[in-house]
1. How would you rank 57-63, 98-104, highest first, on the average number of other Cβ atoms within 10 Å across their residues?
2. Please report the relative contact order for the chain, taking Cα pairs under 8 Å with a sequence separation of at least 6, and give it as a percent rounded to a whole number.
3. In nm, what is the difference between 0.36 nm times the number of residues separating residue 78 and residue 41 and their Cα-Cα distance?
4. If each DSSP helix of 4+ residues adds -39,500 (n - 2.57) and the sum is divided by the residues in the chain, what number results at 222 nm, nearest 500 deg cm²/dmol?
5. Rounded to whole Å and sorted largest first, what semi-axes of the equivalent ellipsoid does the C-alpha gyration tensor of the chain yield via the square root of 5 times each eigenvalue?
6. Measure out, as a whole number of angstrom, how far apart the alpha-carbon centroids of segment 11-30 and segment 90-106 sit.
7. Within segment 32-53, whose backbone N sits under 16 Å from a point 7 Å along Cα→Cβ of residue 86?
8. Among 32, 64, 43, determine the one that fluctuates most according to a GNM of the chain built with springs between C-alpha atoms less than 10 Å apart.
């Protein structure tokens, strides 16, 4: 079984947009996948749409769950997870190996 998790590294903000302060413009994230002792990750940044003043959440009131929801709705999470699964598969069964040389260099 593979376990997935988001880590939010930082949020880039515009200091002021109309009457809204610290409006998030980019979410900088890492997506982790872990199977047994193997852990792999992908990272990136997602641009956020400018919120309307009616659906704006003040920066200090943002939650981890809310920001993860933005990522879930704004990214192709299935494709990210497939990429992570392939990384794990490549660690378990490497597609390319480098065995020791069958000779000694002069």
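1. 57-63, 98-104
2. So the answer I get is 23 percent.
3. Values: separation 37, 0.36 × 37 = 13.32 nm, distance 1.41 nm.
That pair, residue 78 and residue 41, stretches by 11.9 nm at full extension.
4. It comes out at -8000 deg cm²/dmol, rounded to the nearest 500.
5. In descending order the semi-axes read 41, 15, 10 Å.
6. 48 Å
7. Backbone N within reach: 33, 40-43.
8. Ranking 32, 64, 43 by mean-square fluctuation puts 64 first.
FYI, it's all coordinate maths here, none of it is from the lab. It should be emphasised that the depicted structure is a prediction, and the values quoted were computed from it without experimental measurement. Backbone-built Cβ (ideal geometry, glycine too); neighbour counts: all protein chains shown.
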